[in-house]
Amino acid sequence: MAFASLFFGVSEAQKPTIMIAKQITLRNQQVEINYFEQGQGDITLLLLHGWCIDGTYWNNQLEYFSESYKVYAIDLPGFGKSKANRNCWTVEEYALDVIAFIDAMSLRNVVIVGHSMAGEIMLEVASTNNSKIVGIVGVDNFKSIDVVLPPEQMKQMTDFFQLLETDFKNAAPLYADLMLFHPTTPTDVKDRVKADFANSDPVIGFETIITQMQYSSTDALRLEQLNYKLYLINSDGIPTNEAGLKKHCKSSFQVETIAATGHYPMIEKPIAFNLLLEKAIRLIDLK
């Protein structure tokens with residue numbers, strides 16, 4: 001394993017800290033995972049970031065939860081400083097990366113926390129019923145189960161994907177501005193997200209959002225087969241359709257809502273977010 005230091009500035013509600021990056025090579029030397037590790041404890045938190053961002057978005061959570069838990073935040077391959085020698089960027093491939101990381105690091109009593117796109121990755125990993133995984137927590141995902149978009153919104157989405165394929169660098173930040181922020185989202189958060197989107201590999205960025213959208217069309221069926229209670233920490237910018245979750249989550253679910261925040265509650269309102277995540281972890285630990 002190689003080591004590097006990363007100093008990262010954060011929002012007003014967070015303290016700047018030095019995050020120590022480590023690397024491990026997995027899956028027959030084809031995948032290199034960049035990750036951050038902190039803390040000790042019987043329960044392990046594995047934090048998975050969303051589309052076109054990286055593990056540093058969990059900076060505040062590493063600091064907060066390391067007092068009681070072993071905490072890992074990884075860069076998913078193709079984002080941050082993680083790499084993979086492949087052309088396939090499906091949810092299933094990312095799930096294999098996560099499983100390989102869990103096995104290589106000998107993690108146990110793992111609670112997976114998946115933000116945005118990583119909710120589907122988390123769901124795919126959970127479908128393996130790996131005995132090392134004790135719980136799952138989604139962050140701002142699974143909000144639209146059984147919600148059917150009207151034709152005009154479907155056309156807007158199709159048009160956006162076409163623009164994203166031809167001009168990713170400009171279209172991706174525009175998508176963030178239109179869809180992912182709340183009026184109260186701090187300017188530094190907006191700037192950070194849009195810069196990360198614009199600087200992402202356009203091929204990987206486009207492929208991951210397309211394959212994630214395809215996978216999400218089967219979320220309802222996969223939730224019916226899920227053998228874990230689904231905990232969600234969602235913003236209220238787009239409401240969560242709890243009727244759909246109630247219909248399909250055969251192993252139960254629980255939604256905690258953070259008001260007046262966008263798609264990135266862990267950096268927009270880290271104190272409120274940490275309290276809700278801590279609540280979910282304690283409920284999982286009591287089972």
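The values are calculated or read from the model by the stated rules, or taken from the named source; none is laboratory data. The model shown is predicted, which means the values in this text are computed figures rather than measured ones. Ideal geometry is used to build each Cβ from the backbone, glycine not excepted, and the neighbour counts take in all protein chains shown.
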Problem - Filter result for the condition that a residue is assigned to a helix (DSSP H, G or I), touching a residue at least 40 places away in the same chain (Cβ under 8 Å) and at negative phi, over LEU163, LEU123, LEU178 - result: LEU123
Handout entry: Output for the stretch 193-204, where each listed residue is surrounded by 18 or more Cβ atoms within 10 Å (Cβ to Cβ), of a type outside the set (S, T, N, Q) and either in contact with a His (Cβ under 7 Å, 6 or more places away or on another chain) or in contact (Cβ under 8 Å) with a residue 60 or more places away in the chain (or both)
Key = VAL193, ASP196, PHE197, ILE204
Problem - Where a residue in the stretch 56-84 is farther than 18 Å from HIS115 by Cα and its partner, wherever it lies, is among the hydroxyl-bearing types (Ser, Thr, Tyr) and surrounded by 21 or more Cβ atoms within 10 Å (Cβ to Cβ), with Cβ under 7 Å and at least six apart - result: TYR69/THR44; LYS70/THR44
Handout entry: the stretch 26-59, subset of a type in the set (Val, Ile, Thr) and more than 23 Å from GLU207 (Cα to Cα), residue surrounded by the fewest Cβ atoms within 10 Å (Cβ to Cβ)
Key = ILE43
Exercise for the section: Would you mind stating whether ALA172 is in contact (Cβ under 8 Å) with a residue 12 or more places away in the chain, of a type outside the set (S, T, N, Q), assigned to a helix (DSSP H, G or I) and touching a Ser or Thr at 6+ places or on another chain (Cβ under 9 Å)? Expected result: yes
Practice task
Report yes if ALA2 is at pLDDT below 95, touching a strand residue (DSSP E or B) at 6+ places or on another chain (Cβ under 6 Å), aliphatic (A, V, I, L, M) and farther than 24 Å from LEU232 by Cβ, otherwise no.
Solution key: yes
